[in-house]
Amino acid sequence: MPRLVSRIVTLAFVASLAACSTVGTRGVKNTSKTFSAVVVDAGHGGKDSGAYRRYGPPEKMVTLDVAQRLERNLRESQIKTVMTRDSDVFIPLNDRVAMENAQKNAIFVSIHFNDSRKRKTRGFETYYHSSASFDLASRIQQKLMTIPNSANGGVHTANFRVLRLANCPAVLVECGYLSNRAEGNQARDWEYRELLADRIAEALVEQRYGSGVYRPSPQIAAQLRQQAEHASGGTSLAPGGSR
Ligand SMILES: [Zn+2]
């Protein structure tokens, strides 16, 4: 009897693996190098605030701001964009999926910020579901990691509905933890949000057209230089500054 039970469990497990793999390859068209449009998804909205902190704006506000900045950067790079929301409204996940799948030759990028009970937890994370989305996810993560002092939370698979049901390459970016003091403070700063949007835009433009094509705005270029100098300066500058 126990042997039979374990056999059934094994069979059920194998069956579920088979089901997973069919879902994984289900009709996802790899447009990650040919796409003509980007569906930009600002996470949460309206009655769904997402991660909420006592100080600073809720997740839904900062995701919208980064998404709008990302959209502008992409348009400046001559890439067509579709926003799943452009204001503080609630959009059900299925409607977001319908919008991403309504595009013929697109990729989907969802913007989120993270939350943890452990206040020390920090870092960028990028999620994907279909194998056609892996390159895109890795490139975004790699570009975010060029921001000085950033922490690498890695690239992971996830079963989020907007990723699982996408017919095109689809990724979800967690742009840092609102629950972490440093990253929460940064998320409140529009210049930092512009930097996040710039890094993600560069990843998408590179994925489509190759490296060296993307041009950051002069303001971002200066900001990146300044931050890099600041990061490399560190405490080694201290002796000169103090007596
Ligand atoms: Zn979120």
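The values are calculated or read from the model by the stated rules, or taken from the named source; none is laboratory data. Everything numeric here is computed off the predicted structure, so don't read it as measured data. Backbone-built Cβ (ideal geometry, glycine too); neighbour counts: all protein chains shown.
A few remarks follow.
- Test result for Q78, more than 16 Å from the ligand (Cβ to nearest atom), of a type outside the set (A, V, I, L, M, F, W, C), crowded, with 19+ Cβ neighbours inside 10 Å and part of a loop (DSSP other than H, G, I, E, B): no
- Pairs linking a residue in the range 156-177 that is over 13 Å from A102 (Cα atoms) to a residue that is in a loop (DSSP other than H, G, I, E, B) and within 11 Å of the ligand (Cβ to nearest atom), with Cβ atoms under 7 Å and 6 or more positions apart or on different chains, are L172/F160; Y177/D115.
- From the options K80, K120, K104, residue that is at pLDDT below 95 and on the phi < 0 side of the Ramachandran plot: K104
- Scanning the range 194-211 turns up at least one residue that is surrounded by 15 or more Cβ atoms within 10 Å (Cβ to Cβ), out of contact with any helix residue (DSSP H, G or I) (no Cβ under 7 Å at 6 or more places or on another chain) and closer than 29 Å to T34 by Cα.
- Looking across the range 152-179, the residues that are within 25 Å of R117 (Cβ to Cβ), in a strand (DSSP E or B) and of a type outside the set (V, I, T) come down to N152, G153, G154, H156, L172, E174, C175, G176, Y177.
- Within the range 38-61, residues that are within 14 Å of the ligand (Cβ to nearest atom) reach partners that are part of a strand (DSSP E or B) and among the polar types (S, T, N, Q) with beta carbons closer than 9 Å, at six or more positions or on different chains, in the pairs D41/S110; A42/S110; G43/S110; A51/N114; E59/N114.
- If the condition is being under 24 Å from F134 (Cα atoms), within 16 Å of the chain's Cα centre (by Cα) and not polar (S, T, N, Q), then the range 194-228 contributes L195, L196, A197, D198, R199, I200, A201, E202, A203, L204, V205, E206.
- Qualifying residue in the range 150-173 (condition: modelled with pLDDT under 95 and more than 16 Å from the chain's Cα centre (by Cα)): no
- Of all residues in the range 81-125, those satisfying the criterion of being in a loop (DSSP other than H, G, I, E, B), among the polar types (S, T, N, Q) and either more than 16 Å from the ligand (Cβ to nearest atom) or in contact with a Gly (Cβ under 8 Å, 6 or more places away or on another chain) (or both) are S87, Q103, N105.
- Members of the range 99-140 that are buried (at least 21 other Cβ atoms within 10 Å of the Cβ), polar (S, T, N, Q) and under 11 Å from the mean Cα position of the chain (by Cα): S110, N114, T126
- Selected residue (criterion: farthest from Y55 (Cα to Cα)) from residues of the range 167-182 that are surrounded by 21 or more Cβ atoms within 10 Å (Cβ to Cβ) and among the hydrophobic types (A, V, I, L, M, F, W, C): C168
- Scanning the range 62-74 for residues that are more than 13 Å from the ligand (Cβ to nearest atom) and within 19 Å of L172 (Cβ to Cβ) gives D65, Q68, R69, L70, E71, N73, L74.
- Of everything listed in (1) under 21 Å from K60 (Cβ atoms); (2) touching a residue at least 40 places away in the same chain (Cβ under 8 Å), the single unmet condition for S133 is (1).
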